[in-house]
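Visitor: For reference, the structure I am asking about is given below.
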Amino acid sequence: MENHEEKEYLYWLCHVSVIGAVSIKKLHDYMGSYKRIYNIEGKELQRLGLLKQSDVSVFEESKSNIDFYRRQLAELEHQGINFITSDEAGYPKRLLEIYGYPVGIFFRGRLPDEERPSAAIIGARDCTNYGKQMATYLARELSASGVQIISGLALGIDGAGHKGALESGGDTYGILGCGINICYPRENYGLFEQMQKRGGVISEFVPDEAPKPRNFPMRNRIISGLSDVILVIEAREKSGSLITANLGLEQGKEIFALPGRVTDSLSAGCNQLISDGAEVILNPDSVLGYFKLQNSKILRVHEKNKNGLAKKEKMVYSCLDLQPKYFEEIVSLSGLSVSECMSALLELELNGLILQTSHQYYGKKL
């Protein structure tokens, strides 16, 4: 960000309850700076179609608190809280690739390493003992091989995933649905504290923001956004975990699901994901194979080259499965041009991720 003053105005804007991440970006794109947003009248923003009539009074009233927010921002560092904007160099590049990315995020500890793979481990809060054990085991093994574990610090599967990563001495990151200075649920306070030393906790919500139900679907897009793959351990047919998985699909991420008995309601969501084309988790190797991990050393398959092909390769790879598909179908599914799709397929083939089984038929390689 150009200067600290701009950061102060963004911090204020993040506290205007009627304006979310997408609206903030739209306002900034139009006005050119956060200070100009502050200085313009709410009625003028309404006239320009950038603010609803019902939100004008809230916007104007919030301006009177600017000095309070300046002081609060200055005090964050003393509380061990970092505030980083999307314009700053250290902001996670993975997040910049998703729709509606937060224009600013708060964190304690560290942010995920851009050069290392990351996996989200998510699932039901009221999970079975089997699901909890599998989440811990998978996180422990993946983390021991260098994979960063991302989750939502919730009860059940989320907490078990964080716990497994910490047991192996690896890094894990909790994405909160509340302010960065609030541990929710309180039962995970031990994890909350440990993660700040072995990874970090992250939130787009301002300090002291309560864990409101509406916050968690928003939180889920950050979990999927920071992850290269998403592991769904246990999930009901309609659950927040499936929302995260669907967000991941839209973002071009690989989805893995743990299969279960068809009579178990907590396996219904996972079995449906598998039926829809998600990869099956049989053991940690199912995921490690995707990352091409050998001898505990990471071979970066998705390293970005100067042409920025990594995202396109992921998009094409997510369109494939073990049953070979014809080239024209892959082009259609990926939404890329013929040349872009061909280039991505060639790169994936050279990296040993896919096979051309016959002329212009491509499938994933086991």
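The values are calculated or read from the model by the stated rules, or taken from the named source; none is laboratory data. What you see is a predicted model, and the numbers here were worked out from it, not measured in a lab. Ideal geometry is used to build each Cβ from the backbone, glycine not excepted, and the neighbour counts take in all protein chains shown. All accessible areas refer to the heavy atoms of the entire protein, side chains included, with ligands and DNA or RNA removed. Shrake-Rupley method; radii C 1.70, N 1.55, O 1.52, S 1.80 Å.
Visitor: Hey, with R₀ at 25 Å, roughly what FRET efficiency would Glu75 and Tyr137 work out to, going by the Cβ-Cβ distance, to 0.05?
Guide: Numbers: r = 41 Å, r/R0 = 1.65.
The value I calculate is 0.05.
Visitor: With θ taken as phi - 60° and the coefficients 6.51, -1.76 and 1.60, list the Karplus ³J(HN,Hα) couplings across the stretch 200-213 in order, rounded to whole Hz; mark glycine and proline as x.
Guide: The phi angles translate into x, 10, 9, 8, 8, 8, 5, x, 6, 5, 5, x, 6, x Hz.
Visitor: Could you give the size of the charge dipole of the chain about its Cα centre, using +1 on the Cβ of each K and R and -1 on the Cβ of each D and E, expressed in debye and rounded to the nearest 20?
Guide: Details: 42 positive and 46 negative charges, 46 e Å.
Charge dipole, the chain, about its Cα centre: 220 debye, nearest 20.
Visitor: Full extension from Ser57 to Glu250: what is 0.36 nm times the residue separation minus their Cα-Cα distance, to one decimal in nm? Kindly include the intermediate steps, with their values, before the conclusion.
Guide: Working: separation 193, 0.36 × 193 = 69.48 nm, distance 3.57 nm.
Contour length minus Cα-Cα distance gives 65.9 nm.
Visitor: Distance in nm between label sites at Asp67 and Thr263, each 7 Å beyond Cα in the beta-carbon direction?
Guide: 7.0
Visitor: Using a Gaussian network model of the chain with C-alpha springs under 10 Å, which one of Ala344, Ala245, Ala135 is most mobile by mean-square fluctuation?
Guide: So, out of Ala344, Ala245, Ala135, the one fluctuating most is Ala344.
Visitor: In nm, give the distance between the simple-model label positions of Gln46 and Glu6, each being 7 Å from the Cα along the Cα-to-Cβ direction.
Guide: Those two pseudo-labels are separated by 3.0 nm.
Visitor: For the chain, the longest stretch holding no GluC sites (Glu not before Pro) located in a DSSP loop with at most 13 other Cβ atoms within 10 Å is which? Write down the numbers at each step before the final one.
Guide: Working: sites that count: Glu2, Glu41, Glu88, Glu114, Glu115, Glu237, Glu303.
Of all site-free stretches, the longest is 116-236.
Visitor: Same structure, new question: Under a 1.4 Å probe, what is the accessible area of the chain per residue, stated in Å²? Provide the component values of the computation, followed by the final result.
Guide: Working: 17080 Å² over 366 residues.
Roughly 47 Å² per residue, with all protein chains present.
Visitor: Run through the stretch 61-125 and list the chymotrypsin sites (Phe, Trp or Tyr not before Pro) located in a DSSP loop whose Cβ has at most 15 other Cβ atoms within 10 Å. Let's see the in-between values first.
Guide: Numbers: sites: Phe68, Tyr69, Phe83, Tyr99, Phe106, Phe107; in loops: Tyr99.
For chymotrypsin sites (Phe, Trp or Tyr not before Pro) across the stretch 61-125 that sit outside H, G, I, E and B with at most 15 neighbouring Cβ atoms in 10 Å, the list reads Tyr99.
Visitor: OK, next. Within the chain, what whole-number % of the accessible surface is contributed by carbon and sulfur, with the 1.4 Å probe and all protein chains included in the calculation?
Guide: Numbers: 8390 of 17080 Å².
Here it works out to 49 percent.
Visitor: Going by average Cβ neighbours within 10 Å, how do the peptides 172-178, 143-149, 211-217 rank, with the highest at the top?
Guide: On the way: 172-178: 27.0, 143-149: 22.9, 211-217: 13.1.
So the order, starting with the most tightly packed, is 172-178, 143-149, 211-217.
Visitor: Shifting gears a bit: Going by average Cβ density within 10 Å per residue, which order do the peptides 357-365, 263-271 take, highest to lowest?
Guide: On the way: 357-365: 14.4, 263-271: 19.4.
By packing density, highest mean first, the sequence is 263-271, 357-365.
Visitor: On to the next question. Rounded, prolate or oblate: which fits the chain, taking a ≥ b ≥ c as square roots of the Cα gyration tensor eigenvalues, rounded meaning a/c under 1.5, else prolate when a/b beats b/c?
Guide: On the way: a/c = 1.93, a/b = 1.44, b/c = 1.34.
Prolate.
Visitor: With labels modelled as points extended 7 Å from the Cα through the Cβ direction, what inter-label distance (nm, one decimal) is found for Ala210 paired with Asp113?
Guide: Once both label points are built, they end up 4.0 nm from each other.
Visitor: Shifting gears a bit: Once the other residues with Cβ under 15 Å from the Cβ of Ala245 are scored (Lys, Arg +1; Asp, Glu -1), what is the net sum? Before the final figure, lay out the partial values.
Guide: On the way: positive: Arg219, Arg221, Arg236, Lys238, Lys253; negative: Asp158, Asp228, Glu234, Glu237, Glu250, Glu254, Asp276, Glu279.
Result for the neighbourhood of Ala245: -3.
Visitor: How about the stretch 1-48: which chymotrypsin sites (Phe, Trp or Tyr not before Pro) there lie in a loop by DSSP and see at most 16 other Cβ atoms within 10 Å? List each step's numbers first, then the result.
Guide: Details: sites: Tyr9, Tyr11, Trp12, Tyr30, Tyr34, Tyr38; in loops: none.
Filter output for the stretch 1-48: empty list.
Visitor: Highest GNM mean-square fluctuation, the chain, Cα pairs closer than 10 Å: which of Lys63, Lys312, Lys253?
Guide: Greatest mean-square fluctuation among the candidates belongs to Lys63.
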